[in-house]
Amino acid sequence: MALTIGLRKHIARWQRDGVIDEIVAERLRKDLDDHRSGFGLGGILAVLGAVLLGAAIISLVAANWEAMPRLFRVGLIISVLWLGYVGGAWRESLGDRRFGQALYLIAAITFGAGIALIGQMYHLSGDVSDAVLLWVAGTMVAALFLRSPVLVSAGVAITGLYLFSSLDRSTGEPFNYVWLVPVLLFISAGLIWYTKGRAAQHLIALLLITYVLVVRIDLNEVMVLWVAGLIGAICFMMDAVRPGLLDRMTGWTEPLGAYGFFMVLVALLFFQFDIASNEFADEAIPGQVLIGFAILGCSIAGLVLSGHRNLAVRWIAYTVFSLEVLYLAFETIGTMIGTASFFLSAGVLVLLLAAFVIRMERRLQKRNPKRQTTA
């Protein structure tokens, strides 16, 4: 928001000084409005206030639940839902998008609480994951009809809650999440396109990575790492080699490339962890070192191919490269020398890593001098 205000001041000054005419100035202002982010400080505070208010309503109702007549309980939940959705639509019709979205969020939270409270009141059968799945469906339907980006984000977040609630083995169908979570995220991607809710894209990417890790750990399925690593590599290479094509296809090239790059490294780290967990630890060291060199190679490749233009890829590569060097040093050199010698070696390695980062930053800035960064 502050950046937008600063740009508007510059546009007004350029127009006043005759640098640009009125038509160009108006086009620049329109472009700012079209690409304005809804997550300024005011929007963040409005969403935070909505979450706190929703939690307060749930706590107040739950504390006095038994003292209320049944009909009053149901009526209270429906009233809050009605006020949230209708009030939010009314505020949006007046141009107050932030508080409109905040009211939608209050209604979505109330809907989830209402499912739990009414299920408890009428002793309805079912488990937690079924209730959360109903909550996801209701939130996504509301996002569709109200064209609300914040409800799409809420739906993705609740999908994450469904993923973890499905890990409870006391449920009747504990493995439904394996196919349901991708379906829900595919629907969410369609809602993102429909509502233009770009913030939810990051939530989908993070939840997909979490989903891969959960399937790998919960089902001990190695193939999911190969598939996720391959898809991640494709996304990263598309961003690195053909960013224009990927941007035309998705409109989200740099974040997609960064998440794909991160997924490749996560898959390799898991392979390394699998080797390290081998009961024959001494025999596993050569395999760990081999995977470690692959991780270091991928980190350097990420810097060379995309680091000059994709800041997220750059810092993911730096972080993973540094941690992997220290890990390999601990696994190989650290087991053969004393504590003092290891700390001395680690200190030298950290200094060498700092020198590597500084030199790499200078080279990347030469390739892309328009992007200013700090080492």
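The values are calculated or read from the model by the stated rules, or taken from the named source; none is laboratory data. Bear in mind the structure is a predicted one, so any value in this text is a computation, not a measurement. Positions of Cβ are generated from backbone atoms using ideal geometry, with glycine treated the same way; all protein chains shown enter the neighbour counts. These accessible areas exclude ligands, DNA and RNA; they are computed on the full protein's heavy atoms, side chains included. Shrake-Rupley method; radii C 1.70, N 1.55, O 1.52, S 1.80 Å.
If G197 satisfies every condition in (1) assigned to a helix (DSSP H, G or I); (2) open to solvent by less than 30 Å² (accessible area, probe 1.4 Å); (3) in contact with a Leu (Cβ under 8 Å, 6 or more places away or on another chain); (4) not acidic (D, E) but one, which is the exception?
(1)
Sort through V212, V222, V227, V156 and tell me the only one that's in contact with a Ser or Thr (Cβ under 9 Å, 6 or more places away or on another chain) and β-branched (V, I, T).
Testing whether each residue is in contact with a Ser or Thr (Cβ under 9 Å, 6 or more places away or on another chain) and β-branched (V, I, T) leaves just V156.
Residue-wise test of (1) under 22 Å from N220 (Cα atoms); (2) in contact with a Lys or Arg (Cβ under 9 Å, 6 or more places away or on another chain); (3) at pLDDT 85 or above.
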residue	(1), (2), (3)
A276	yes, no, no
I291	yes, no, yes
C298	no, no, yes
A301	no, no, yes
L305	no, no, yes
R309	no, yes, no
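Those residues that are in a helix (DSSP H, G or I), β-branched (V, I, T) and modelled with pLDDT under 90, I need them from the range 208-225; list them, please.
I217
Could you check the range 226-321 for helices (runs of 4 or more DSSP H) lying wholly inside it with 3 or more residues that are in contact with a helix residue (DSSP H, G or I) (Cβ under 9 Å, 6 or more places away or on another chain), open to solvent by 30 Å² or more (accessible area, probe 1.4 Å) and over 26 Å from I192 (Cβ atoms)? Working first, answer last.
On the way: elements: 243-250, 253-276, 281-302.
It comes to 253-276, 281-302.
State which residue pairs qualify: first residue closer than 27 Å to R97 by Cβ and open to solvent by less than 80 Å² (accessible area, probe 1.4 Å) and inside the range 18-33, second residue at pLDDT below 70 and assigned to a helix (DSSP H, G or I) in any location, beta carbons under 6 Å apart, and separation of 6 or more residues or different chains.
Here the result reads L32/T4, each pair linking the range 18-33 to a residue that is at pLDDT below 70 and assigned to a helix (DSSP H, G or I).
Taking the range 98-142 as the search range and keeping residues that are of a type in the set (A, V, I, L, M), within 11 Å of I158 (Cβ to Cβ) and within 23 Å of the chain's Cα centre (by Cα), which one is modelled with the lowest pLDDT?
Here the residue is I109.
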